[in-house]
Amino acid sequence: MREEIIPVDPDVLVGAVAKLKVQGWRLVTLSCTEIDATSVDILYHFDKGLELKHLRLAAAKTSPVPSISSVYFAALLVENEIQDHFGLTFDGLIVDYKGTLYLEEEALKTPYCRFSLRPTEKSQAPSTVQAETAADPTVPAPDKPGAGMPEGAAKEANS
């Protein structure tokens, strides 16, 4: 199996992807890696006849990345996932969940970024549900064996 990694710039990305599609390359997936507080690398993975070809795009977190969903419709899922997990935005995304494909609107942090782009609120008081749960001795702590199990099942598991 051979593979090739080709660096691309944002202004030629969609054209390069369209060329690969015309040549018979199949989009496998995209992967994203945070490089530092301001940038990420996005790898576009393609397959044809047991060969792999990857386009590598170095992108700034604050600039929109061109979407390839107009060329490969299925890319919309991975691009929306990258928006959720890394806080990027894709320009021209066919169906844009705006960061809520996997995450709830209330999510304040992008989970796969060490350096979050979304502002976090200052410390808040715990909710009344959390306070009541913490004070209730019948609710098992999540780090204890049998946590969340019915009482009889927890005893059997511990014996």
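Arrange the residues 56, 2 by how much accessible surface each exposes, largest first, with a 1.4 angstrom probe.
The ranking, largest first, comes out as 2, 56.
Would you mind putting 85-98, 6-19 in packing order, based on average other-beta-carbon counts within 10 Å, highest first?
My ranking of the peptides, most packed first, is 85-98, 6-19.
The values are calculated or read from the model by the stated rules, or taken from the named source; none is laboratory data. Predicted model only: the values in this text are computed from it and were never measured. Note that we place each Cβ from the backbone using ideal geometry, even for glycine, and neighbour counts take in every protein chain shown. We work out accessible area using only protein heavy atoms, side chains counted, and drop any ligands, DNA or RNA first. Shrake-Rupley method; radii C 1.70, N 1.55, O 1.52, S 1.80 Å.
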